[in-house]
1. What 222 nm value per residue comes from the helices of the chain, counting each DSSP H run with n ≥ 4 as -39,500 (n - 2.57) and dividing by all residues, nearest 500 deg cm²/dmol?
2. Treating cross-link reach as a plain straight distance, find the aspartates and glutamates whose alpha-carbon is under 12 Å from the alpha-carbon of Lys236, omitting any fewer than eight places away in the same chain.
3. Taking a threshold of 19 Å on the Cα-Cα distance, which of the pairs Lys577/Lys610; Lys370/Lys564; Lys463/Lys630; Lys592/Lys630; Lys463/Lys592 fall above it?
4. Over the chain, what is the relative contact order in percent, taking alpha-carbon pairs closer than 8 angstrom and at least six residues apart?
5. So how do Phe491, Phe562 rank on accessible area, 1.4 Å probe, biggest first, that is with the largest at the start?
6. So for region 56-110, what are the equivalent ellipsoid semi-axes in whole Å, largest first, each being the square root of 5 times an eigenvalue of the Cα gyration tensor?
7. With +1 assigned to the C-beta of every Lys and Arg and -1 to the C-beta of every Asp and Glu, and no other charges, what is the dipole magnitude of the chain about the Cα centre in debye, to the nearest 20?
8. Give me the distance in nm between label points sitting 7 Å out from Cα along the Cα-to-Cβ direction at Lys116 and Arg237, one decimal.
Amino acid sequence: MSAFFIAINRDQQPFEKALAESMMSRLNRFGDDSRQLVIGGYFAIGFQATWCVPEEQGETQPLRLGDRWFGFYGRIDNRSELICSLIELGFSVEDDISDAKLAMEYLSDSPIDRLKDIIGPFALFQFNERSGELVLARDGMGARQLVYHVNHDCILASSYEMALVEHPSLDYQFRDDAIALYLTSHIQTRPASIIDGIELIYPGHALNINTFKPELVQACPMQNSAYTRFYRPDPKRRVLYATDQEYADEFKRLLEQAVKRRLRGIRNIGSQLSGGLDSVPVTILAAQNNLEPANDSGPQRTLSAYSWVFDHYSEADERAISGPICEAYGLEQIKISCDYLWPNHNPLDELDPLGPIYNPFMSFNHVLFKQAQSNSVSTMLNGIHGDLLYGYTQGILYELLTRGRFRDAFLEARRLLKTTGSWRAFTSLYLLKPMGLVSRFLSKRKSTVNSLERVLQPDVIGKISRAEHYLRKESYSAIRPNQWCIVLGDFVGRDLAIGRFIESEYSIERRYPFRDRDLCEFMLAIPSDQLAFNGVLRPIVKRAFANEFPKNLRDRNGKTSFAKVMREGMINDQNNKRWGESQEQEWSRYVKECYFNGKVEQNSYFDVVKWRCGYYDYWMSVCYHPLAKKLGSGNE
């Protein structure tokens, strides 16, 4: 868990020490082990770190090599490959080199060309103080956040937006479209910060910019820059094997590789274990692979499981599966009772200043992380977002045909017909049943503007971009275009960045095997019948773990529903109701008041909107306004 910022005066005037320290203060929660603030004349660099892997213990960043400054927040999962490449080039590299030093050495000659070779989550910068060249880069899966702001006078970049808000060139103002989309549960089609004036580096992209040479930037601050996509998987790639078992074996190999990559750590390992087809295989593979000590003389690290349990909401309780798994592999299972962990709007709690991004699950995780911290857990494995790798299959034939992909549609249809075993079943499952889904999808697309107009204020509607997803064009060549956009886009990265604020409170880093680059590329390239067929969900997983899964898990064909506990949590959240109905009603700037006065029919969607609006007013009152006043910016 780390964070950094770099700030540069383009006129090369000395950088103010007080301003640098103020920006650095915003990174305090992200590091317990090392802290360094460098003020090098016209620039300032701050790095706050918590050491998460053995090789970085004792390291202080940023690193310096001659005129070059380098900062790396993340983890390199293919260390041995990069080390071998450097040795072949004549470099002398020790096996225990830190990830940051390894990246700095590997990128020394041509950083943009070599970024694609680094597998793992990262955000990095490389700055040459003599030439003024700055390179910013974010990993291909978007697992680390990286933001920037450029104008005629300065260039700012950080892994955390609030470090930039401390700079006088930015106000603590939010983009109206970002708030509106959040309140109405809509997803941005193009990555963007919630704070006005701050831009995001897209996943798999790098920005190369010359920080000074004012004669080149009078007309356009970004004139002397290049924005490059260094990671671009091939959407036309297809993985075709002779048997179903071959797909299952390769899936298991890649998932095991992904889990092993995420076991490298210093202290104990935890696994967030439910009873589903995502967290169970992750936990099994972690248990099957011996955990190495943090160092040669250190103690063996332990693996334990952490599970939400429900006595009152039996439909959400998964102990019937998670319990036997822990017994079979000798794992201690720590049960977190979540029946009445409703959101608690307590002004004493520290709220994320990046926005009112909250959901009831965070209450569960606060208790879980606190328990894990007491057991010296610093790394938590998580199966979240695994479901993205198995979806988007039922209407696949219609999706391909509407895009003119007739050959791919024919090949998919032939495989699906073979797996279903009869024309009747094939017609029912993949032609007739999806017609309703496709019809609703098309209807939803046509009515997206209308649905927003029903909920949002008219002046807010015009600020919401109608642009298509930024990966839409290239996705047309993929087997499942919609899956391509959601897996490789920034949706998951933004979600992980929000969660990192909570994790940092407990010095815990969550790691996500199902976001492994090699695994995701494989899953995007295999036929749809491996993801779901003949009414069976995730057959590839069930085949891969046929010998490890208990019968009740092999027979499972759906996900546990938390709908009831979530809905009752929102209904019982009286603090939230009070904030939503307060006199201020700051949410009404975005959402029409008619949805809160009983004049329209209520449903579960509007329950969520109302709950989010209430939390928005709570957050504005106890977090945003006091901080805006302190910063001397924003709306008071």
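The values are calculated or read from the model by the stated rules, or taken from the named source; none is laboratory data. These numbers come from a predicted model, not from an experiment. Here the Cβ is made from the backbone with ideal geometry for all residues, glycine too, and neighbour counts use every protein chain on show. Heads up: the accessible areas ignore ligands, DNA and RNA and are worked out on the full protein's heavy atoms, side chains in. Shrake-Rupley method; radii C 1.70, N 1.55, O 1.52, S 1.80 Å.
1. Details: 25 runs with 236 residues, N = 636.
The helix-only estimate for the chain comes to -10500 deg cm²/dmol at 222 nm.
2. Within the straight-line limit of under 12 Å, Lys236 reaches these aspartates and glutamates: Asp408, Glu474, Glu521.
3. Working: Lys577/Lys610 8 Å; Lys370/Lys564 25 Å; Lys463/Lys630 29 Å; Lys592/Lys630 31 Å; Lys463/Lys592 16 Å.
Checking Cα-Cα distances, Lys370/Lys564; Lys463/Lys630; Lys592/Lys630 exceed 19 Å.
4. On the way: 1080 pairs, mean separation 101.4, N = 636.
The value is 16 percent.
5. Numbers: Phe491 75, Phe562 40 Å².
Largest accessible area first, the list is Phe491, Phe562.
6. Details: eigenvalues 60, 40, 19 Å².
Taking √(5λ) for each eigenvalue gives 17, 14, 10 Å, largest first.
7. Working: 76 positive and 80 negative charges, 509 e Å.
Taking the Cα centre of the chain as origin, the dipole is about 2440 debye.
8. The answer from the label model is 1.1 nm.
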